[in-house]
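The values are calculated or read from the model by the stated rules, or taken from the named source; none is laboratory data. All values reported here derive from a predicted model rather than from experimental measurement. Cβ sites come from the backbone with ideal geometry, for glycine too, and all protein chains shown count toward neighbours.
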Amino acid sequence: ELSALERFRSLPAETKDGVRVEVAANIGTVQEAAIAAEQNAEGIGLYRTEFLYMNSNRLPDEDAQFAAYREVAERMNGRPVVIRTMDIGGDKELPYLNLPKEANPFLGYRAIRIGLDRKELLHTQLRALLRASQYGNIKIMFPMISSLEEWRQAKALYEQARRELVQEGVSVSDSVEVGIMVEIPSSALLAGSFAKEVDFFSIGTNDLVQYTLAVDRMNEKVSYLYDYFHPAVLLLIRQVIEAAHREGKWAGMCGGMAGDPLAAPLLIGLGLDEWSMDAGSIVKVKQAISRLDSRDCRTLTDRLLQLATTEEVRQELLRYTESQP
Ligand code: PEP
Ligand code: MG
């Protein structure tokens, strides 16, 4: 069984009828980029940079960040590396920032909200990212975007950092894509407007489920309600992917759903372009994709999106997966 799986390590992710998708890895540290490369990840779909901040007792300066981003970009050797600006707050604390204790940290001061308030933090990170951009294929992604205004402010900071570096004579890549995580329902609902301005979307199902279903992702007491196959979540995901494609942009997913082989027929049916997951899930998901026919998946997906309950969606996917040769 292991060796049957192993075959997929070196193969591209492709359906029986030849639809190729990009299967990438989620990483939190520079060291994990080596593991991702070993697993033959076709890229990094999510580099969670907050660990660079959390594993330190003071803010990492521009040079320290530059070194880390450059190393990841170089290790991936030209393959795409999507680097997310810091997503501090929520469950991720940072003692030296002296963040106030909040009653509802997941609805509070976190991620891009901190970056747009304490602009010097985001500015430093964007400079480091842009400096590293000439050493590989870096794409920049903003977390927890809930409105066009936030995206435009973040994008303006990016443009400013770029102008500065150019003025300083520092060379930066001129093909850096800039996109957003879609992990808040408001952004999924406005995907049509976002798609006209961003270069890409990456759907963060971990938070999207939490915010759509009002279920704390950390709370065991309500974990029975936490499910990415909830029909409301599926409608949002479809809307995001379709909006991206209407504008000729790509749509990825870096939440846990992308690494679940049971979700593969649905995500192929929806036309997801880039799948990013823990490196350990890559071969399993590639194998699941290799068994699928994309036209069958589209028919299945049309049916799945008509279902009214999570249970029916799961049952239908299980039936479909078991019927695959
Ligand atoms: C997500 O929310 O799905 C995601 C990938 O980000 P994180 O798990 O880091 O919040
Ligand atoms: Mg998230």
Taking into account only those residues within the range 169-198 that are closer than 26 Å to R110 by Cβ and of a type in the set (S, T, Y), which is surrounded by the most Cβ atoms within 10 Å (Cβ to Cβ)? S187
Please determine, by comparing only the residues of the range 148-168 that are under 18 Å from F66 (Cβ atoms) and buried (at least 16 other Cβ atoms within 10 Å of the Cβ), which one is farthest from ligand 2 (Cβ to nearest atom). L165
Given the conditions (1) within 17 Å of the chain's Cα centre (by Cα); (2) touching a residue at least 24 places away in the same chain (Cβ under 8 Å), which single one is not true for S281? (2)
Just to be sure before I move on: is G78 on the phi > 0 side of the Ramachandran plot and either outside any helix (DSSP H, G or I) or modelled with pLDDT of 95 or more (or both) in the structure I sent? yes
Given (1) under 19 Å from the mean Cα position of the chain (by Cα); (2) surrounded by fewer than 16 Cβ atoms within 10 Å (Cβ to Cβ), identify the lone condition not met by N77. (1)
Cβ pairs under 6 Å, 6+ apart, first in the range 184-201 and closer than 15 Å to M253 by Cα and touching a residue at least 12 places away in the same chain (Cβ under 8 Å), second in a loop (DSSP other than H, G, I, E, B) and of a type in the set (V, I, T): S187/I145
If you go through the range 1-59, how many residues are within 16 Å of ligand 1 (Cβ to nearest atom), touching a Phe, Trp or Tyr at 6+ places or on another chain (Cβ under 7 Å) and in a loop (DSSP other than H, G, I, E, B)? 2
What number of residues within the range 3-30 satisfy the criterion of being over 19 Å from the mean Cα position of the chain (by Cα) and at pLDDT 95 or above? 6
Residue in the range 206-214 that is in a loop (DSSP other than H, G, I, E, B) and either among the aromatic types (F, W, Y) or farther than 28 Å from H245 by Cα (or both) present: yes
If you check A258 against the conditions, is it touching a residue at least 24 places away in the same chain (Cβ under 8 Å), in a helix (DSSP H, G or I) and under 17 Å from M141 (Cβ atoms)? yes
Restricting to the range 289-325, give me the number of residues that are charged (D, E, K, R), in contact (Cβ under 8 Å) with a residue 40 or more places away in the chain and either assigned to a loop (DSSP other than H, G, I, E, B) or over 26 Å from T212 (Cα atoms) (or both). 3
What pairs come up if the first residue lies in the range 123-142 and is under 20 Å from C254 (Cβ atoms) and crowded, with 24+ Cβ neighbours inside 10 Å, the second is of a type in the set (K, R) and at pLDDT 95 or above, and their beta carbons are under 6 Å apart, counting only those six or more places apart or on different chains? A132/R70; M141/R84
Picking from I145, I83, the residue that is within 16 Å of ligand 1 (Cβ to nearest atom), part of a loop (DSSP other than H, G, I, E, B) and crowded, with 23+ Cβ neighbours inside 10 Å would be I145
Take the range 113-122 and flag every residue that is away from ligand 1 (no atom under 16 Å from the Cβ) and crowded, with 16+ Cβ neighbours inside 10 Å. L116, L121, L122
Tell me, yes or no, whether the range 47-64 has at least one residue that is within 22 Å of V23 (Cβ to Cβ) and among the β-branched types (V, I, T). yes
Condition set surrounded by fewer than 24 Cβ atoms within 10 Å (Cβ to Cβ) and among the aliphatic types (A, V, I, L, M), scope the range 242-262, selection nearest to the chain's Cα centre (by Cα): answer is A243
Give me the residue from the range 199-219 that is of a type in the set (A, V, I, L, M, F, W, C) and crowded, with 24+ Cβ neighbours inside 10 Å and, out of that set, farthest from ligand 2 (Cβ to nearest atom). F201
With respect to the numbered conditions (1) modelled with pLDDT of 95 or more; (2) at positive phi, which one is the sole condition not fulfilled by A33? (2)
